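Asker: Sharing a structure below in structure tokens format, with a few things to ask.
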């Protein structure tokens, strides 16, 4: 039986435990990015003039991000984790300035730093979760984080595009910067205040990232976990970059694209229900359903062909499936990684963000050399369905 509606309110009200603190940090970081998510693709499309050029720009940005993420272990050795997370906040601030003021290369660098900041934050928070949350509480903690994050991603795109359309373009970037500053202040309040939620991580000897990749992907369950998160991230990359462009090409105003992003992210409000379903039917099965829904929606966009108003419905159903994977997608990794390898394996696992931002524009650029754009939906829809099939190999205990 599904939990009663107030469960989400109860989760929001829990403000004295570690999970609640991590959820608030996640929401503040998410707001800093969400407020610009509907604006950045429009800036790129207007400045660069084509979806092919947009894909190439995001490809350059992804290379920057991947380099930073794969060297996380070295960063943590030099700075320690609290300073690495703080660096992520600083990169968020710098990226907002670069995207607003930069030329082509400045824009690409800004997008790259923005993604790198998100990746750094994801690695740090994942490590804190695994360090201070019991395994049996992973699902509850992750659903709460997604619930808080859903608030940020519901409001952020709409606020950003409203400010952009009403003659205050820099105000959206200012909100992004302010959210990053508040996130940093709250993190250091947790570190330095009376609430000992976050404590310093033990320094570790850095390991070259290339030596970790074979070890990671030789482990079957880690490999499946990575593909699950990579698949859902590819969908979000497609939605965040091409969703707003799709709305414009379908003859709709630009605020519809922002609303599409907000409505898609609003599915995260159902995270307590997703967690309840996972407890009843196993996390693995809910992940398979989410990936299948996401992949099927992509295939339907391919069937529609060129941008149409009906296509927004399939973007939305795809977002529903991706949100289900968002809530539970990290759990297979967290429950199967060896405790003594957490930092190193998390560094590799967290490259799903960079790989999605690298693979997606690269594949799109190749497809567009010989095929129309709607072929992209067939390719990625088929990929998501294949990942759903592969996820069946996970044990039911995950």
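Here, each number is a calculation from the coordinates, and none is a lab measurement. Everything numeric here is computed off the predicted structure, so don't read it as measured data. Here Cβ is always computed from backbone atoms with ideal geometry, including for glycine, and neighbour counts include all displayed protein chains.
Asker: So how much slack lies between residue 248 and residue 303, counting 0.36 nm per residue of separation and subtracting their Cα-Cα distance, in nm?
Answerer: Extending this stretch completely gives an extra 17.9 nm.
Asker: Going by C-beta contacts inside 10 Å, put 186, 226 in order with the fewest on the left.
Answerer: 186, 226
Asker: How would 370, 120 line up from fewest to most surrounding beta-carbon atoms within 10 angstrom?
Answerer: 370, 120
Asker: Pairs of alpha-carbon atoms within less than 8 angstrom and 6+ residues apart define the contacts here; what relative contact order does region 65-192 have, in percent?
Answerer: Relative contact order comes out at 28 percent.
Asker: Express in whole angstrom the spacing between the alpha-carbon centres of region 79-121 and region 277-337.
Answerer: Using only Cα atoms to place each centre, the spacing works out to 28 Å.
Asker: Now for a different question. Which log10 I(q)/I(0) values, to two decimals, does region 262-398 give at q = 0.14 Å⁻¹ under the Debye formula with one point per Cα?
Answerer: Taking Cα atoms of region 262-398 as identical point scatterers yields -0.73.
Asker: So for region 284-327, what are the equivalent ellipsoid semi-axes in whole Å, largest first, each being the square root of 5 times an eigenvalue of the Cα gyration tensor?
Answerer: One finds semi-axes of 22, 10, 5 Å for region 284-327.
Asker: Could you work out [θ]222 nm for the chain from helices alone, using -39500 (n - 2.57) per DSSP H run of at least four and dividing by all its residues? Round to the nearest 500 deg cm²/dmol.
Answerer: After summing the helix terms and dividing by the residues of the chain, the value is -26500 deg cm²/dmol.
Asker: Another question, then. Kirkwood-based Rg over Rh for region 295-372 (C-alpha set), two decimals?
Answerer: Over the Cα atoms of region 295-372, Rg/Rh equals 1.10.
Asker: Related question: Neighbour counts of other C-beta atoms within 10 Å: give me 300, 347 arranged from fewest to most.
Answerer: Ordered from fewest to most neighbouring Cβ atoms within 10 Å, 300, 347 come out as 300, 347.
Asker: Before anything else, pin down the relative contact order of the chain: Cα pairs under 8 Å, at least 6 apart, normalised by residue count, whole percent.
Answerer: 26
Asker: Using only Cα positions of region 10-393, each an equal point scatterer, no hydration layer, compute I(q)/I(0) via Debye at q = 0.07, 0.11 Å⁻¹ and quote the log10 values to two decimals.
Answerer: For region 10-393 at q = 0.07, 0.11 Å⁻¹, log10 I(q)/I(0) is -0.28, -0.72.
Asker: While we're looking at this one, here's another question. Pick from 96, 350, 171 the residue whose mean-square fluctuation is largest in a GNM of the chain, springs joining Cα atoms under 10 Å.
Answerer: Of 96, 350, 171, the most mobile in the Gaussian network model is 171.
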